[in-house]
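Okay, structure first, notes after.
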Amino acid sequence: MNAALTDRARWRALVAQLEQGLLERDTAVRLALLAALAGEHVLLIGPPGTAKSELARRLHRAFGGARYFERLLTRFSTPEELFGPLSLKALEHDRYERLVDGYLPTASIAFLDEVFKANSAILNALLTLLNEREFDNGSARVRTPLICVVGATNEVPAEEALMAFHDRFLVRVPVAGVSDSAFNALLTLQPGAPAAAVTVSNDELRETLAQREHVALPAEVLAALAALRAFAAAQGITVSDRRWRQLVALLRSAAHTEGRAAVDTLDLWLVPYVVAAQPAQVPALHDWFVAEVAHAALQEAPWLTRAVEAFEKQLEIELSMPADGADDSAGKLALARAIGGAAEGGMLRMVTTSLEDAMRRRWSPVHVAARLAQVDEVMGRANQPLPALRAALAELERALAGRVWLPPSLAATLTGNRCRTIATLESLLTRLAQVREGFAALPVDEALPQQTPEPIAIGA
């Protein structure tokens, strides 16, 4: 079996393992695991009781043999709670050192709840730890085994002093409570976490970090990132140079773990969770990706809708227009029906049908031909994009089939929008075909003046 396919299968199994029993967390699970594989930190933003701590614990179990550290921070938390107590033996020799074993400096995966509530002494120490993977223990700066810190907060702080610490979390994931559609599933959910059947070894992690450097960054991706930078600036979002480089490394990690030699534009679904400084900025960046990168925004075809409605209205008018002398025919029809009563026989039916036909407006062949020509022209225009749309949908489905990290909910949005766009066009074309049949069935009189009617106004 192809090695890339095998790897993708393992990553999918690991994602499924992390996701089991976590409702509507497909995005958060994938972002957390991918960030850890890329050696980056994750910030989960949402109210209490939304499975943030559970996700962090599951992430820890995904890294076999990794040491784990977890703390809830408050403004009363002390450095000893995170970094270990002071060594009394070291103090006897005039050294200021901490006993770090079992504390954050020796952990590979850590979860810090309410991370922004810590005091400045803790935050200053965390800055170096998160960014450099080093810890100042007295006069010595020691290397730590830290892979990923998962931070959690109810809200992003507004204080300028906390922005530097906030920036250390490359991936920022809004986490909300379950939707109404998942509420029943939440109430009947069985407790318990899945066993860690699939894990990531240290060797595998090191190889992933090393091999991603060989992943290419094509020109179309660079162009999309440049467009993104301009869009973000227009939204008032400022992104540091360091963060752009970290984003590229994350994109390369995504491509490499999916067995691809180059980043592609679909990988840019990650962008909103790296670029957005606030959860409120994520939707606009997400919509940008869907519309401008994935080209999967829902299209309603307003011009075609207006055209169909105009044709339908015109056909209705022309079908209801009485013929010249229709008043006399109408009187005869009323008399025939009065004579026949409720039960019309065969002869009476023939008479009334003949009278009804006499009351119908007749049209010249030129008139009917003109109507059909205009409908045909619009149908031709409407049909033109359909082959390309169907091909693009098929191509998207093929591309999504090899994805591990792109969330199923987003994949459903992309394919669903394209399917609905195609379905909208097909429905309008069906209505156009019916209108065409209606114009083709208009009664014709060869003797009428061969006058071309004014085209039906359908707008732009």
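From the residues in the range 50-88 that are surrounded by fewer than 16 Cβ atoms within 10 Å (Cβ to Cβ) and small (Gly, Ala, Ser), which one is nearest to Gly138 (Cα to Cα)?
Gly65
Examine the range 8-15 for a residue that is under 21 Å from the mean Cα position of the chain (by Cα) and either within 18 Å of Ala185 (Cβ to Cβ) or among the aliphatic types (A, V, I, L, M) (or both), and state whether such a residue exists.
yes
Kindly indicate the residue of the range 123-145 that is in a loop (DSSP other than H, G, I, E, B) and out of contact with any Gly (no Cβ under 9 Å at 6 or more places or on another chain) and also farthest from Ala107 (Cα to Cα) among those meeting that condition.
Of everything passing the filter in the range 123-145, Ser139 is farthest from Ala107 (Cα to Cα).
If a residue must be over 20 Å from Ala249 (Cα atoms) and in a helix (DSSP H, G or I), how many such residues does the range 188-235 contain?
Here the count works out to 4.
Those residues that are over 40 Å from the mean Cα position of the chain (by Cα) and over 12 Å from Val375 (Cβ atoms), I need them from the range 411-441; list them, please.
The answer is Ala441, and nothing else.
Pairs under 6 Å by beta carbon, first residue not assigned by TED's automatic domain parsing to the domain that holds Ala280 in the range 152-172, partner among the small types (Gly, Ala, Ser) and at pLDDT 90 or above, six or more apart or different chains?
Phe169/Gly151; Val171/Ala35
Hey, could you check the range 276-321 for residues that are of a type in the set (D, E, K, R) and either in contact with a strand residue (DSSP E or B) (Cβ under 9 Å, 6 or more places away or on another chain) or assigned to a loop (DSSP other than H, G, I, E, B) (or both) and say which is modelled with the lowest pLDDT?
Glu300
Restricting attention to the range 105-112, does a residue exist that is modelled with pLDDT under 90, surrounded by 16 or more Cβ atoms within 10 Å (Cβ to Cβ), touching a helix residue (DSSP H, G or I) at 6+ places or on another chain (Cβ under 9 Å) and not hydrophobic (A, V, I, L, M, F, W, C)?
no
Taking the conditions exactly as written (modelled with pLDDT of 55 or more, closer than 30 Å to Ala294 by Cβ and either touching a helix residue (DSSP H, G or I) at 6+ places or on another chain (Cβ under 7 Å) or not β-branched (Val, Ile, Thr) (or both)), does Ala392 satisfy them or not?
Answer is yes for this residue.
Does Arg95 satisfy the condition of being at pLDDT below 90 and more than 26 Å from Ala254 (Cβ to Cβ)?
Spelling it out, Arg95 is indeed at pLDDT below 90 and more than 26 Å from Ala254 (Cβ to Cβ).
In the range 285-318, what residues are in contact with a Pro (Cβ under 8 Å, 6 or more places away or on another chain) and either of a type in the set (A, V, I, L, M) or assigned by TED's automatic domain parsing to the domain that holds Ala370 (or both)?
Leu285
Which of the following residues is of a type outside the set (S, T, N, Q) and over 18 Å from Arg172 (Cα atoms): Ala32, Ala16, Ala51?
Ala16
Please state which of the following conditions Asp241 fails to meet, knowing it meets all the rest: (1) without any contact (Cβ under 8 Å) to a residue 24 or more places away in the chain; (2) among the charged types (D, E, K, R); (3) within 30 Å of Ala13 (Cβ to Cβ).
(3)
When you scan the range 428-436, do you find a residue that is in a helix (DSSP H, G or I), small (Gly, Ala, Ser) and under 23 Å from Trp288 (Cα atoms), even just one?
Checked against the condition, which is being in a helix (DSSP H, G or I), small (Gly, Ala, Ser) and under 23 Å from Trp288 (Cα atoms), the range 428-436 yields no hits at all.
Could you grab me the full set of residues in the range 299-320 that are more than 16 Å from Met379 (Cα to Cα), loosely packed, with under 14 Cβ neighbours inside 10 Å and not charged (D, E, K, R)?
Result: Ile317, Ser320.
May I ask you to list the residues in the range 76-91 that are aliphatic (A, V, I, L, M) and either within 19 Å of Leu130 (Cβ to Cβ) or assigned to a helix (DSSP H, G or I) (or both)?
Residues satisfying the conditions are Leu82, Leu88, Ala90, Leu91.
Of the numbered conditions (1) over 42 Å from the mean Cα position of the chain (by Cα); (2) outside any loop (DSSP other than H, G, I, E, B); (3) surrounded by 19 or more Cβ atoms within 10 Å (Cβ to Cβ), Val100 fails exactly one; give the number of that condition.
(2)
Filter the range 244-263 down to the residues that are outside any helix (DSSP H, G or I) and in contact with a helix residue (DSSP H, G or I) (Cβ under 7 Å, 6 or more places away or on another chain) and list them by number.
Glu258, Gly259, Ala262, Val263
Given the conditions (1) touching a Gly at 6+ places or on another chain (Cβ under 7 Å); (2) in a strand (DSSP E or B), which single one is not true for Arg71?
For Arg71, the failing item is (1).
Kindly indicate the residue of the range 40-68 that is over 27 Å from Pro272 (Cα atoms), touching a helix residue (DSSP H, G or I) at 6+ places or on another chain (Cβ under 7 Å) and assigned to a loop (DSSP other than H, G, I, E, B) and also modelled with the lowest pLDDT among those meeting that condition.
Step by step, filter the range 40-68, then rank; the result is Ala66.
On the basis of being in a helix (DSSP H, G or I), under 20 Å from Thr208 (Cβ atoms) and under 21 Å from the mean Cα position of the chain (by Cα), does Leu18 make the cut?
yes
The values are calculated or read from the model by the stated rules, or taken from the named source; none is laboratory data. Every value quoted in this text rests on a predicted model; they were computed, and no experiment measured them. As a convention, Cβ positions derive from the backbone with ideal geometry for all residues, glycine included, and neighbour counts pool all protein chains shown.
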